[in-house]
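J.: Dumping the structure here so I can ask a few things about it.
The values are calculated or read from the model by the stated rules, or taken from the named source; none is laboratory data. A quick note: this is a predicted structure, and the numbers were derived from the prediction, not measured. Neighbour counts are summed over all protein chains in view; Cβ atoms, including those assigned to glycine, are modelled from backbone coordinates with ideal geometry.
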């Protein structure tokens with residue numbers, strides 16, 4: 001591959017080549033000095049030291065020759081190639097460090113009172129935003145893979161890998177509060193008044209992230225009794241509102257679960273729901289018999305124990321009543337569809353079957369992503385309380401009390417996290433028919 005460059009680009013390339021040559025000349029000077037030191041005291045160095053150094057000099061000279069040949073070519077619209085046919089790249093240019101390292105503008109300095117601790121405050125929040133960008137990048141890749149009508153098994157590992165990366169980033173985001181909390185409340189007060197009315201609430205990337213995960217508008221805590229996006233700039237409002245109408249992670253996960261095979265197999269007459277309900281009934285019947293055989297209580301006390309078992313059984317079995325399930329969705333106490341819920345339960349119950357193991361890890365990852373964002377919100381809330389107590393936030397919110405209300409409201413995959421409520425001990429789980437078990441043991445696709 002080759003590039004034909006404009007004059008301005010060629011000047012930039014020439015500058016970068018000069019910088020590389022300067023670095024190689026410095027390295028060569030050091031290596032020659034090292035050779036002189038070895039020759040002056042041969043007994044002080046390993047026997048092969050001079051051979052290694054001579055090889056390093058030869059390699060360095062080869063690099064110098066290559067870049068010198070570039071430098072001697074005319075800087076006019078002509079062909080330039082790097083080692084792989086690419087334009088030579090300089091570290092600082094590649095990372096745009098000049099722009100990044102000059103993006104910390106202290107508000108306090110603008111008014112003639114630069115406060116030392118404001119630099120840390122800015123860098124921490126800029127780091128938050130960069131990591132939000134990476135999480136959005138990962139989740140968008142997941143949605144793109146999962147939004148079709150079929151997710152190949154090989155793609156499940158890729159989806160899981162994206163989730164695992166998000167989880168590690170979330171852990172780092174939480175850990176960043178340790179650094180931010182090296183600010184004392186008085187340190188923060190030194191520059192806080194310069195920040196009004198800016199607020200973390202105006203992080204449009206975080207709002208975009210919540211929407212991409214699938215947070216419902218009805219679940220949000222209102223800010224000054226207004227829609228959450230009203231505090232954003234018109235440009236950012238448009239981006240965030242557009243994302244509300246777009247496809248989100250919850251939706252693609254739900255559709256993926258609804259496509260799960262094995263819930264009902266005509267060939268084997270296997271019906272997961274029927275088998276599991278029967279196992280639940282048997283489990284609670286055994287519990288009742290145990291209570292009646294070992295309980296010395298009589299009359300009302302014994303009946304209370306039995307009633308409690310019956311109540312638990314009804315609660316357990318409510319998961320398998322489609323009509324009641326849909327009523328709960330309408331009321332807002334559930335969100336995941338009936339079919340998707342059954343699939344999530346199947347995956348959890350038979351998680352050790354080879355073909356269900358990665359789907360199980362995907363569900364576990366979704367639950368952990370939910371938990372870690374809850375931890376992040378909680379840590380943010382506690383940090384704010386430590387810094388400003390019950391004062392109003394810089395954006396005009398109730399500060400700590402507003403953040404406290406958002407901690408649990410931000411969860412998206414609650415129904416998947418609640419699956420453990422409906423699990424039973426392994427020795428109570430109904431055995432799968434051989435025909436189903438063989439399909440779960442090998443690659444199987446229901447296209």
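J.: Mind checking whether some residue in segment 286-306 is in a helix (DSSP H, G or I), at pLDDT 80 or above and within 36 Å of the chain's Cα centre (by Cα)?
T.: No: segment 286-306 contains no residue that is in a helix (DSSP H, G or I), at pLDDT 80 or above and within 36 Å of the chain's Cα centre (by Cα).
J.: Within segment 115-125, identify whether any single residue is within 30 Å of residue 16 (Cα to Cα) and in contact with a helix residue (DSSP H, G or I) (Cβ under 8 Å, 6 or more places away or on another chain), and answer yes or no.
T.: Among the residues of segment 115-125, not one is within 30 Å of residue 16 (Cα to Cα) and in contact with a helix residue (DSSP H, G or I) (Cβ under 8 Å, 6 or more places away or on another chain), which makes the answer no.
J.: Here is a follow-up. Against the definition (within 26 Å of residue 169 (Cα to Cα), touching a helix residue (DSSP H, G or I) at 6+ places or on another chain (Cβ under 8 Å) and in the same structural domain as residue 263 (by TED's automatic domain parsing)), how does residue 364 come out, yes or no?
T.: On the way: within 26 Å of residue 169 (Cα to Cα): yes; touching a helix residue (DSSP H, G or I) at 6+ places or on another chain (Cβ under 8 Å): no; in the same structural domain as residue 263 (by TED's automatic domain parsing): yes.
Here the answer is no, as residue 364 does not meet what is asked.
J.: Across segment 114-123, what is the number of residues that are more than 26 Å from the chain's Cα centre (by Cα) and either assigned to a helix (DSSP H, G or I) or farther than 17 Å from residue 196 by Cβ (or both)?
T.: Number satisfying all stated conditions: 5.
J.: Within segment 181-188, is even one residue closer than 19 Å to residue 136 by Cα, within 26 Å of the chain's Cα centre (by Cα), assigned by TED's automatic domain parsing to the domain that holds residue 252 and not in a strand (DSSP E or B)?
T.: Checking segment 181-188: not a single residue is closer than 19 Å to residue 136 by Cα, within 26 Å of the chain's Cα centre (by Cα), assigned by TED's automatic domain parsing to the domain that holds residue 252 and not in a strand (DSSP E or B).
J.: Shifting gears a bit: Would it be correct to say that residue 176 is in a helix (DSSP H, G or I) and touching a residue at least 60 places away in the same chain (Cβ under 8 Å)?
T.: Considered against the rule, which asks whether it is in a helix (DSSP H, G or I) and touching a residue at least 60 places away in the same chain (Cβ under 8 Å), residue 176 comes out as no.
J.: Continuing with this model, one more query. If the requirement is being closer than 30 Å to residue 213 by Cβ and modelled with pLDDT under 80, which of these qualifies: 392, 366?
T.: After applying the criteria, what remains is 392.
J.: Taking segment 84-109, which residues are touching a residue at least 60 places away in the same chain (Cβ under 8 Å) and farther than 30 Å from residue 16 by Cβ?
T.: Across segment 84-109, the qualifying residues are 106, 107, 108.
J.: Need a quick list: helices (runs of 4 or more DSSP H) entirely within segment 197-258 having at least 3 residues that are farther than 19 Å from residue 409 by Cα and in contact (Cβ under 8 Å) with a residue 40 or more places away in the chain.
T.: 249-258
Per-residue answers, yes or no, for (1) assigned to a helix (DSSP H, G or I); (2) more than 20 Å from residue 216 (Cβ to Cβ):
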site	(1), (2)
324	yes, yes
329	yes, no
334	no, no
345	yes, yes
351	no, yes
355	yes, yes
358	yes, yes
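J.: Additional query: Among the residues of segment 87-113, which ones are modelled with pLDDT of 95 or more, in a loop (DSSP other than H, G, I, E, B) and surrounded by 12 or more Cβ atoms within 10 Å (Cβ to Cβ)?
T.: Hits for segment 87-113 are 104, 106.
J.: Only one of these is in contact with a strand residue (DSSP E or B) (Cβ under 9 Å, 6 or more places away or on another chain) and under 27 Å from residue 146 (Cβ atoms): 272, 250, 206. Name it. Full working, then the answer.
T.: On the way: 250 fails: in contact with a strand residue (DSSP E or B) (Cβ under 9 Å, 6 or more places away or on another chain); 206 fails: in contact with a strand residue (DSSP E or B) (Cβ under 9 Å, 6 or more places away or on another chain).
On inspection, the qualifying residue turns out to be 272.
J.: Any idea which of 77, 46 is at pLDDT below 85, surrounded by fewer than 13 Cβ atoms within 10 Å (Cβ to Cβ), touching a helix residue (DSSP H, G or I) at 6+ places or on another chain (Cβ under 8 Å) and outside any helix (DSSP H, G or I)?
T.: One residue alone meets the criteria, 77.
J.: Among 215, 232, which is the only one that is within 19 Å of the chain's Cα centre (by Cα) and surrounded by 15 or more Cβ atoms within 10 Å (Cβ to Cβ)?
T.: On inspection, the qualifying residue turns out to be 215.
J.: Moving on. Please determine whether any residue of segment 369-379 is at pLDDT below 90, closer than 25 Å to residue 138 by Cβ and part of a helix (DSSP H, G or I). Steps first, please.
T.: Taking segment 369-379 first, the residues at pLDDT below 90 are none.
No - not one qualifying residue is present in segment 369-379.
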